[in-house]
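What follows draws every value from the coordinates through simple rules; no lab data is involved. Only a predicted model underlies this, so the values are computations on that prediction, with no experimental measurement involved. Here the Cβ positions follow ideal geometry from the backbone for every residue, glycine too, while neighbour counts run over all protein chains shown.
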Amino acid sequence: MRRATCTVAALLLSSRALAGPEDSLGASPRSMALAGSYAARPGDSAAAYYNPAGLAPGRALGESERGGFFEGSFALTLAHPTLRATRSDGANVGTASTPDTAGITLGTRFSLGRLFHVDGLDMGVHVFLPSHLFQWSIRPDDDPQWALLTDRTQVLSAHGGIAYRVTPWLSVGVGLRLSFGVQTLTKGQVTSLSLQTDPVTGKSAVKTGTQLGTDAEVFARVTPSTGVLLTPTERSRIGLVYRHKSYVDDWGNTRISGVPDIGDIGYTHHYAHFFEPSEVTVGVGYDLTSVLDVSFDLTWNRWSEALSTNRNDLTGSAIWGDTWTPAVGARLRPVTRLAIMAGYRFQRSPLDNFGGPSNLLDADRHVVGLGFELTLTPNARATLGLQSTSLVTRTETKDARLFASDAALQKNAGYPSYSYGGHVLGSAIGVEARW
């Protein structure tokens, strides 16, 4: 009865991991096509995430923005994952569902110079609105699940930034990432209790009726970022970005009163349902010719400070490791009104279960982007971004030395071993206009 009651309460508290698509897919159609190589590509609202200093670019682009401007963008994002996990005998490993991504991205970048009489002072806002604003889930760490894919593109994500062009060759900026934590308090009262016999098995079972009430409160959390953009020449750009870790949790308690022969039961929960590590990115961009430009980014991700989803000792921080993520991008403009973009990113997995009880699935990723940009008018353009993410097949073999007993080893969902991999296809299409 205690187990059944707590299970009902846990279902009411189910939640999904918080994050936006910028971490997995890209903050815009253009950044998706360039596989995230964007720290040294200034001049649109996506810079609020990739490099806040890029909201106020220097040299020629900055000169064109003197006197005030306003930009707005709208984009649709879709992504579909196809994932697999199979045991050594060929049987499928049951994993939590990984839903498709569908959402709208809204962005704006505008000048604050006229308002404050400071030329080169610009601001940008970038918001992703998914089909479900608040819907997420928490599962035990030994339940097979795609830890960094399952829900990370399913909820509201917002970025804002302000930048100042100090000189024609130096811009600085600060940004904020907005996310949400949840406090959930559940109270219940046992209303009925009866002993019944299962007509099929003939076994006796206790059936309880419980009246539950839930009070949830959402809290906004902000995470800072800073950026510098150097434009030493008309053709070269250097970006340096620091993003502080984003940690969002879900906490609260559940109390059930009036349980016969027991009294009151309950528990307190505290989940780390989203963690994005502190990151440092160095980006370089260069215009090889008047119609071809390239960029390269290198990001250090401090995953070693991560927590498991349930903040418990089942996994601990030892399975998380720091990673380096390189990304390259290129844009070719064969004709005046058309640009072709392509990019590649290698994303090493920060997770390794080391054969222990945990079954948090993740794999190294090869991310390839492709895109097209069409200039509609001198002040408007349309962009299509496509992205294919291939997850390198990985094998997990359970180590008996890491389990409390042989029974615990054999009951583990991943026993004795399994392999997993797959791919994610993403697309985004949008329009931008300037006034």
dims of region 27-90, Cα set, principal axes, largest to smallest, nearest Å -> 67, 22, 15
Assuming R0 = 35 Å, what is the FRET efficiency of Ser88 and Lys203, from their Cβ-Cβ distance, to the nearest 0.05? 0.55
Fewest Cβ neighbours within 10 Å first, please rank Tyr247, Tyr49 accordingly. Tyr247, Tyr49
Tell me, what are the semi-axes, in whole angstrom and largest first, of the equivalent ellipsoid of region 336-435 as set by the roots of 5 times the Cα gyration tensor eigenvalues? 47, 11, 9
Scaled to the compact-protein estimate 2.2 N^0.38 Å, what is the alpha-carbon radius of gyration of region 346-387, rounded to two decimal places? 2.11
Can you order the peptides 213-219, 341-347 by their average number of other Cβ atoms within 10 Å per residue, highest first? 341-347, 213-219
Could you compute Rg(Cα) / (2.2 N^0.38 Å) for region 169-299, with N its residue count? 1.98
Members of Lys187/Lys411; Lys207/Lys411; Lys187/Lys245 lying beyond 29 Å, as alpha-carbon distances in this model show: Lys187/Lys411; Lys187/Lys245
What does the helix-only formula give at 222 nm for the chain: each DSSP H stretch with n ≥ 4 adding -39500 (n - 2.57), the total divided by the residues, and the result rounded to the nearest 500 deg cm²/dmol? -2000 deg cm²/dmol
Potential lengthening between Leu402 and Ser97 on full extension [0.36 nm per residue; Cα-Cα distance subtracted]: 107.0 nm
With springs connecting C-alpha atoms under 10 Å apart, model the chain as a Gaussian network and identify which of Ala91, Ala102, Ala33 has the largest mean-square fluctuation. Ala91
Using Cβ counts within 10 Å as a stand-in for footprinting exposure, how do Trp300, Trp146 rank, fewest first? Trp300, Trp146
Gln183 to Gln211: extension gain in nm, 0.36 nm per residue of separation minus the Cα-Cα distance? 8.1 nm
Area projected by the alpha carbon convex hull of the chain, averaged over all directions, nm²: 24.2 nm²
List the equivalent ellipsoid semi-axes of region 279-408 in whole Å, largest first, each obtained as the square root of 5λ for an eigenvalue λ of the Cα gyration tensor. 43, 15, 12
Cubic angstrom per residue, convex hull over Cα atoms of region 49-124: 145 Å³
With +1 on the Cβ of every Lys and Arg and -1 on the Cβ of every Asp and Glu, the dipole magnitude of the chain about its Cα centre, in debye rounded to the nearest 20, is 460 debye
Order by neighbour count: Thr325, Thr336, Thr231, fewest other Cβ atoms within 10 Å first, most last. Thr336, Thr325, Thr231
Most mobile of His244, His366, His132 per a Gaussian network model of the chain (Cα springs, under 10 Å)? His132
